[in-house]
1. May I ask you to verify whether Ile258 is over 19 Å from the mean Cα position of the chain (by Cα), within 19 Å of Gln12 (Cβ to Cβ) and assigned to a helix (DSSP H, G or I)?
2. If Asn213 passes every condition in (1) crowded, with 24+ Cβ neighbours inside 10 Å; (2) assigned to a loop (DSSP other than H, G, I, E, B) but one, which one does it miss?
3. Condition first: more than 16 Å from the ligand (Cβ to nearest atom) and acidic (Asp, Glu). Now tell me which residues in the range 165-187 satisfy that.
4. Answer yes or no: is there a residue in the range 134-141 that is within 13 Å of the ligand (Cβ to nearest atom) and surrounded by fewer than 24 Cβ atoms within 10 Å (Cβ to Cβ).
5. Leu36 fails exactly one of the following numbered conditions: (1) over 21 Å from the mean Cα position of the chain (by Cα); (2) modelled with pLDDT of 95 or more; (3) surrounded by 13 or more Cβ atoms within 10 Å (Cβ to Cβ); (4) not hydroxyl-bearing (Ser, Thr, Tyr). What is the number of that condition?
6. For the range 300-329, what are the residues that are under 22 Å from Asn288 (Cα atoms), surrounded by fewer than 18 Cβ atoms within 10 Å (Cβ to Cβ) and not β-branched (Val, Ile, Thr)?
7. Can you run down the residue pairs with Cβ atoms below 9 Å, 6 or more apart or on separate chains, where the first is in the range 353-369 and without any contact (Cβ under 8 Å) to a residue 60 or more places away in the chain and the partner is surrounded by 14 or more Cβ atoms within 10 Å (Cβ to Cβ) and β-branched (Val, Ile, Thr)?
8. Just name the residue that is surrounded by the most Cβ atoms within 10 Å (Cβ to Cβ) out of those in the range 188-210 that are within 16 Å of the ligand (Cβ to nearest atom) and closer than 17 Å to Ala171 by Cα.
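The values are calculated or read from the model by the stated rules, or taken from the named source; none is laboratory data. Here the structure is a predicted model, which is why all the values come from computation and not from measurement. Cβ coordinates were reconstructed from backbone atoms using ideal geometry, including for glycine residues, and neighbour counts include every protein chain displayed.
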Amino acid sequence: MKFETFQLERQQSTWENKVDYNLSESGVHPGSLKTLFDSEFIEKIVNTELTYGFTEGSHELRQSIASIYSGADPDNIQAFNGSAEANMVAIMSLLEPGDEMVYMVPNYLQIYGFARGLGVEVKTFSLHESLKWQPDLDELEKLVSEKTKMICICNPNNPTGSVMPKETVYAIGEIANNVNAWILCDEVYRGAELSRKECTSFWDIDYDKTIVNCGLSKAYGLPGLRLGWSVSNKQYIQDCWATHDYTTIAIGRLSDMIGAYVLNADNRMKTLNRTRDALSNNLTLFQNWVNTFDGKFKFIPPDAGAMAFAKYDWNINSSELVEKIRDEASVMLVAGDWYGMDHYLRFGYGATASVLEAALDRITPIFKSL
Ligand SMILES: Cc1ncc(COP(=O)(O)O)c(C=O)c1O
């Protein structure tokens, strides 16, 4: 088993804590226990015994998560260490070497690289900039066949921030149903919509072979808790639990407790609104900065998430440009190359407004000199 380098994460884990300004992050700036929670809840955390807890997630946590998805109950939920683990366990639980997966691009590429490392045959279908980063459903329909075991989606999308309308979500459900394929949808950016209207979840299509993976890292701005989950049919949840026994045993005890609190129906919107406020304020700031480059950037504003995926019109390779900016300005951006799309840059605009402003000021002279 040989895994290709996961360029985005390799670069982030090497550099994100070394630069002065990290604009490679796709979530909002996280809060601390002290700034986010009241003293009564903090006292409860402080007094919690640090046991293993529950592999599948405590009943309270799974109850909170289930309340997000209509008709779901705690037995439809499995908790994981981040959505990344939920993705990995889904592939390990359902696919064999030689199986065929159909995968949306551009995309985060964790599932892509991991599945290929396991010997899965991965075919791609595209989101098109000319369609405002939506898929061409005819293209998808032609690509899938009886051989397709799984269709993988990321919605809202990383890196474009596009959100598929309800009709597209349901149409993909039909395409999967026609060939009896699983749908695996990574919805880690759901809840971070700039419109403040939560987008349609693939859970809503009510197709039995659907797995929705999500987590606290992006829309909830709490990546350090490493808490993710799968919502799916009850048999899949039992099966992936058995795989989970082999991976990380359980999520962190404190993450389970904090997750149950944050995702509880009484508290959830408070956290999401904090994210949405930060995003709308910062997107205006970023758009104003882009406008100072007289059309050198072409950029469709995201519908969700703290990422802006911009095409640039300078004659320099995106990895070279990102290295130059990192070395000369100590600012980290994401190269389009890491998504297989040169001449694009992904800007994370979810930092605090003052940090975002300072970082953009720092890199302005480099772009002006190109
Ligand atoms: C689409 C997508 N899925 C999963 C992850 C990993 O998220 P987590 O921190 O929840 O494991 C990321 C991180 O950037 C992502 O963009």
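1. Considered against the rule, which asks whether it is over 19 Å from the mean Cα position of the chain (by Cα), within 19 Å of Gln12 (Cβ to Cβ) and assigned to a helix (DSSP H, G or I), Ile258 comes out as no.
2. Unmet condition: (2).
3. Those that are more than 16 Å from the ligand (Cβ to nearest atom) and acidic (Asp, Glu): Glu167, Glu174.
4. no
5. (2)
6. Residues satisfying the conditions are Pro301, Lys311, Asp313, Trp314.
7. Ile363/Ile325; Ile363/Val331; Ile366/Ile325; Ile366/Val331
8. Going through the qualifying residues, I end up with Phe202.
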